[in-house]
Amino acid sequence: VPDLLTHALAGYLVRAAPGGLRPGASRPGSRGALPRPVLWFVAATLLPDVAAQGLYTLPAIARRVFHLHPPAWMDNGAYVFHTPLAYALLCGFLTLLAPIGWRRRLFPALVGGGWLHLALDFLQRHLGPAPYHPLFPLSNWAWEAGWFWTETSLWAVPVLAAAALWVARRRPRL
Ligand SMILES: [Zn+2]
């Protein structure tokens, strides 16, 4: 994880870039379309970690709180949502839960935000033997670019936050 704030700010700026804005319900003739698509995209920049880490905690809760014994594979199973293809499948499932009018824009917003998250993650270098698996489940190939350490992205937060504030003041309806 380059920190989640960096992910969200980067997502906001990428989606708010000229040509990246897709007004939803506010545009005439698009009644029932996805409202605030930029916010969905930004929220999706957090989704790979939320899905992976959130599910990761379920076996731990089952053991500690309910004294159950879930199988060991569940501990790492949630990590699959931190790979691009499985994450896209998760987005497809979530999109099916949304109103029909939202789906055409919701799916690319969720996938785009999450893939931006994963792209930033793949650029980093982190401790531990196993880096990321960009092609899972097609291949177990493991890779990371190693351009910066996880915490290095924090240095970009002031610049990204200032840019996001500047954009938000100029285009408050995003
Ligand atoms: Zn991540």
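The values are calculated or read from the model by the stated rules, or taken from the named source; none is laboratory data. Everything numeric in this text was worked out from a predicted model, so none of it was measured. Cβ coordinates were reconstructed from backbone atoms using ideal geometry, including for glycine residues, and neighbour counts include every protein chain displayed. The area values use the complete protein model at the heavy-atom level, side chains included, leaving out ligands, DNA and RNA. Shrake-Rupley method; radii C 1.70, N 1.55, O 1.52, S 1.80 Å.
Is region 21-42 home to any residue that is closer than 23 Å to Tyr132 by Cα and either at pLDDT below 80 or hydrophobic (A, V, I, L, M, F, W, C) (or both)? Yes: one or more hits.
Counting only residues that are open to solvent by 50 Å² or more (accessible area, probe 1.4 Å) and hydroxyl-bearing (Ser, Thr, Tyr), region 151-165 holds 1 of them. Does any residue of region 67-82 turn out to be over 25 Å from Trp40 (Cα atoms), at pLDDT 85 or above and hydrophobic (A, V, I, L, M, F, W, C)? Yes, some residue in region 67-82 is over 25 Å from Trp40 (Cα atoms), at pLDDT 85 or above and hydrophobic (A, V, I, L, M, F, W, C). Can you work out which of the residues in region 99-122 that are of a type in the set (A, V, I, L, M, F, W, C) and loosely packed, with under 15 Cβ neighbours inside 10 Å is farthest from the ligand (Cβ to nearest atom)? This residue is Ile100. Being surrounded by 13 or more Cβ atoms within 10 Å (Cβ to Cβ), within 15 Å of the ligand (Cβ to nearest atom) and not basic (Lys, Arg) is a property that Phe148 has. Based on what the data block shows, is Thr57 at pLDDT 80 or above, crowded, with 19+ Cβ neighbours inside 10 Å and of a type in the set (S, T, N, Q)? In short, no.
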